[in-house]
Amino acid sequence: MKTLLLNGSPNVKGSTWTALGYIADSLAEEGVGAEIFHVPNTPVAGCSACYGCRQKATNRCVMPEDIVNVIIEKAAAADAIVIGSPVYYAAPNGHLLAILDRVFFSGIKTFAGKPAAAVCALRRGGGTAALEVLHKYFTIAGMPIAPSTYWPMIHGRLPEEVPQDKEGVQEMQMLGKTIAWMLKCFELGREAGMGYPEVPGGEKVMTNFIR
């Protein structure tokens, strides 16, 4: 079993990376592998709504190659996904969101049934609003959200400040344990012949609100 942890901060080893490290350590204690992947802070285009990915049905974005398809491939090889982001103006990092829009739209078949969690690192406020944005990717993609005992965010502008948030550290550790627990439960379910539910009728129905 393996969990992919995306570090969506422009700082390679900042507060977000520190928070993800607690989760990775907790996963390791439960026998689950973890990879912290830093999303490079290089220019990336947002989704252009060309629908090329749906027309070709390749589970890849058809826009010029960048980090998007790399993340899709890593997500496909993982059993669970954690997305970490700093909080900017009560929202996740905008660069990360541009990437996630394309990752989840073009790679939608990659995610269904995989446990997911969002983690926010912040100095003071705006964390719950940022978490809500990230959680929407999971619910649209059919990903069960791993629980903890409070909102999964941790405070500290600098990485050395993060350990001072004792409750936040415990939340990260608990999150690792619940992800591992879900993965093990899901594995037992698959062994018993229980797979992810099929869409009623075989294909997703899409309608416009004006009709």
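Between the DSSP loop rule and a limit of at most 15 other Cβ atoms within 10 Å, which chymotrypsin sites (Phe, Trp or Tyr not before Pro) in the stretch 56-131 are left?
Values: sites: Y88, Y89, F104, F105, F111; in loops: Y89, F111.
Passing both the DSSP loop test and the Cβ count: Y89.
Computed over the stretch 82-126, the P(r) tail beyond 15 angstrom holds 51 percent of alpha carbon pairs. Across the stretch 115-121, coupling constants 3J(HN,Hα) worked out from phi with the 6.51/-1.76/1.60 Karplus curve, θ = phi - 60°, read x, 9, 8, 10, 10, 10, 10 Hz, and Gly and Pro carry x. Farthest towards the positive end of the charge dipole of the chain, among the residues A28, G52, P200, is the Cα of G52, using unit charges on the Cβ of Lys, Arg, Asp and Glu.
Counting other C-beta atoms within 10 Å, which of D25, D66 has the fewest, and how do the rest follow?
Lowest count first: D25, D66.
The convex hull built on the alpha-carbon positions of the stretch 95-211 has an orientation-averaged projected area of 10.0 nm². Considering all different alpha carbon pairs of the stretch 161-211, the Kirkwood hydrodynamic radius works out to 15.0 Å. Note on the chain: with charges restricted to the Cβ of Lys and Arg (+1) and Asp and Glu (-1), its dipole about the Cα centre is near 600 debye. By the equivalent-ellipsoid construction on the alpha carbon gyration tensor, the stretch 1-89 comes out with semi-axes of 26, 18, 9 Å, ordered largest to smallest.
Got a sec? How would H95, H135 order by Cβ neighbour count within 10 Å, fewest to most?
So the ranking, lowest neighbour count to highest, is H135, H95.
Take the Cβ atoms of E35 and R123, set R0 to 30 Å, and the FRET efficiency comes out at 0.65. When the chain is treated as a GNM with alpha-carbon contacts under 10 Å, the residue of A117, A141, A129 showing the greatest mean-square fluctuation is A129.
With Cα atoms as the point set, the chain shows a radius of gyration and Dmax of 17.1, 54 Å. Taking the helices alone, the chain has a mean residue ellipticity at 222 nm of -12500 deg cm²/dmol, built from -39,500 (n - 2.57) per DSSP H run of at least 4 residues and averaged over all its residues.
Since every read-out is calculated from the coordinates, none of them should be taken as a lab result. No experiment lies behind these values; they were computed from the predicted model shown. As a convention, Cβ positions derive from the backbone with ideal geometry for all residues, glycine included, and neighbour counts pool all protein chains shown.
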